[in-house]
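Undergrad: I have a structure here, written as structure tokens, and I will follow up with some questions on it.
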Amino acid sequence: MNKENIAGIKSRFFEDISNSQTEKSLYDVKVKYVGRNGELTKILKNLKNLPPEERKEIGPLANRARHEIEKAYEERKKELGERIDWEKEKIDVTLPGKKEEIGSLHPATLVYREIEKIFPLMGFEIVEGPELETDWYNFTSLNFPFDHPARDMQDTFWIKSDKKKLVLRTHTSPVQVRYMEKRKPPFRIIVPGRVFRNEATDAAHEHTLHQFEALVVGENINVGHFKYIAKLFFSAFFGKKVDIRLRPSFFPFTEPSFEFDISCTVCAGKGCPSCKNGGWLEIGGAGMVNQNVFVSAGYPRNRYQGFAWGFGIERLAMMKYKIDDIRWFESGDLRFIKQF
Ligand SMILES: [Zn+2]
């Protein structure tokens, strides 16, 4: 046990740590020299057995060596930690990228977006209203007689409430009166939204539907304006020239009322299986706003005229995308939704 021993340990330690390329092997080197049974540790443990003269000389040397070794270990460890691991960092730029699963828009959403793109170009404002309505806005203000069958339990979801009679709105028309209470004509609005019917579902009927309403009010509005706007809209929507046909009908909130058809988008009116050879496709209902509705909104009777029309978003999507069953829309079935 002498000074040369300690100098030898130190020089071998420095050589070993400079050869260490990983933190693990570096740690093994530390253990080899200053671990519990390390070479230098053995010398330190043996100090007490040395004669006092030798102990005085070797002791400080050994302690200094341990100090230097620990300091050098820490420095090397830091150095290795800062080094870039090129094996781990390597990237292969020729590998194909990871494909992200991108969702698609629901067909009803696609139709809404199309509508909300076309109408503002014709000066229409987009307006929304509540899905939970009072009996007043959903029926009475729209000139529904108290004994109208639409108020019957068969068609309407009534909500239990202490105060007013509440319903899940059966159409988007309540927004007509809500809007007119706050605004003065002239105006043009569209009202997209969800509506609810208490009815059995089949390929053509659903309990939850998306509807779309248009209302134009002014002092000189007539049926010709309706036909013109409808023609412009459906031609833009289907991307081809479309004609409009009116048939007499009845709705409480319009007078006169009519159903309207568009020329078949498949055969352009010549007759094909899509239009059952008639050349026309049924689209929705429309009419001139009943003066009683204007009065409900606080307008003077016979001061303004306007037209209103509504139709189902699902019906439009079914025509545009050739969908055969309305129940697909609320099904949440990915096989259906992913096709759009
Ligand atoms: Zn046809």
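Undergrad: Looking at LEU95 and the list (1) outside the structural domain of PRO185 (by TED's automatic domain parsing); (2) closer than 19 Å to VAL191 by Cα, which single condition is not satisfied?
TA: Condition not satisfied by LEU95: (2).
Undergrad: Contact list please: Cβ distance under 7 Å, first residue in segment 279-302 and free of Cβ contacts under 8 Å to residues at least 24 places away in the same chain, second residue within 16 Å of the ligand (Cβ to nearest atom) and part of a loop (DSSP other than H, G, I, E, B), pairs at least six apart or on different chains.
TA: GLY279/CYS264; GLY279/CYS267; GLY279/GLY269; GLY279/LYS270; GLY279/GLY271
Undergrad: Please give the helices (runs of 4 or more DSSP H) falling wholly within segment 1-83 in which 3 or more residues are among the aliphatic types (A, V, I, L, M), out of contact with any Pro (no Cβ under 8 Å at 6 or more places or on another chain) and surrounded by fewer than 16 Cβ atoms within 10 Å (Cβ to Cβ). Step through it out loud before you land on a result.
TA: Numbers: elements: 3-19, 23-34, 39-46, 52-82.
Fully inside segment 1-83 and qualifying: nothing.
Undergrad: Residue under question is GLU133, and the condition is that it be in the same structural domain as SER331 (by TED's automatic domain parsing), part of a strand (DSSP E or B) and surrounded by 12 or more Cβ atoms within 10 Å (Cβ to Cβ); does it hold?
TA: When the stated conditions are applied, GLU133 passes them.
Undergrad: Identify all residues within segment 135-150 that are in contact (Cβ under 8 Å) with a residue 40 or more places away in the chain and over 21 Å from GLY287 (Cα atoms); write none if there are none. Outline the logic, then answer.
TA: Going through segment 135-150, the residues in contact (Cβ under 8 Å) with a residue 40 or more places away in the chain turn out to be 137, 140-145, 148.
If the condition is that a residue be in contact (Cβ under 8 Å) with a residue 40 or more places away in the chain and over 21 Å from GLY287 (Cα atoms), then no residue fits.
Undergrad: Moving on to the next point. Looking only at segment 84-128, how many residues end up being acidic (Asp, Glu), in contact with a helix residue (DSSP H, G or I) (Cβ under 9 Å, 6 or more places away or on another chain) and not in a helix (DSSP H, G or I)? Write out each step before concluding.
TA: If we filter segment 84-128 for residues that are acidic (Asp, Glu), which is where we start, we get 85, 87, 89, 92, 100-101, 114, 116, 125, 128.
Now drop any that are not in contact with a helix residue (DSSP H, G or I) (Cβ under 9 Å, 6 or more places away or on another chain), which leaves 114, 125, 128.
If we keep only those that are not in a helix (DSSP H, G or I) too, we end up with 125, 128.
The total comes to 2.
Undergrad: Turning to a different aspect of this structure: Which residue, of GLY81, GLY59, GLY35, is without any contact (Cβ under 8 Å) to a residue 12 or more places away in the chain, small (Gly, Ala, Ser), in contact with a helix residue (DSSP H, G or I) (Cβ under 8 Å, 6 or more places away or on another chain) and outside the structural domain of PHE329 (by TED's automatic domain parsing)? Working first, answer last.
TA: Values: GLY81 fails: without any contact (Cβ under 8 Å) to a residue 12 or more places away in the chain; GLY59 fails: without any contact (Cβ under 8 Å) to a residue 12 or more places away in the chain.
Step by step, each of GLY81, GLY59, GLY35 is checked, and only GLY35 is without any contact (Cβ under 8 Å) to a residue 12 or more places away in the chain, small (Gly, Ala, Ser), in contact with a helix residue (DSSP H, G or I) (Cβ under 8 Å, 6 or more places away or on another chain) and outside the structural domain of PHE329 (by TED's automatic domain parsing).
Undergrad: For segment 144-160, enumerate the residues that are in a loop (DSSP other than H, G, I, E, B) and open to solvent by 50 Å² or more (accessible area, probe 1.4 Å).
TA: Residues of segment 144-160 in a loop (DSSP other than H, G, I, E, B): 144-148, 152-157, 160.
Matches in segment 144-160: PRO145, PHE146, ASP147, ASP152, MET153, GLN154, ASP155, PHE157, LYS160.
Undergrad: What residue, of LEU166, LEU209, is more than 23 Å from GLU314 (Cα to Cα) and open to solvent by less than 60 Å² (accessible area, probe 1.4 Å)? If you could, list the steps in order and put the result at the bottom.
TA: Numbers: LEU209 fails: more than 23 Å from GLU314 (Cα to Cα).
None of the others qualify; the one that does is LEU166.
Undergrad: Residues in segment 278-290 that are within 16 Å of the ligand (Cβ to nearest atom) and either surrounded by fewer than 17 Cβ atoms within 10 Å (Cβ to Cβ) or closer than 26 Å to VAL216 by Cβ (or both): how many? Explain how you work it out, then say what you get.
TA: Taking segment 278-290 first, the residues within 16 Å of the ligand (Cβ to nearest atom) are 278-283.
With either surrounded by fewer than 17 Cβ atoms within 10 Å (Cβ to Cβ) or closer than 26 Å to VAL216 by Cβ (or both) added as a condition, the list becomes 278, 280-283.
Final tally of qualifying residues: 5.
The values are calculated or read from the model by the stated rules, or taken from the named source; none is laboratory data. In this text, all values refer to a predicted model and were calculated from it rather than measured experimentally. Here Cβ is always computed from backbone atoms with ideal geometry, including for glycine, and neighbour counts include all displayed protein chains. For the accessible areas, the whole protein counts, side chains as well, though only heavy atoms, and no ligand, DNA or RNA atoms are used. Shrake-Rupley method; radii C 1.70, N 1.55, O 1.52, S 1.80 Å.
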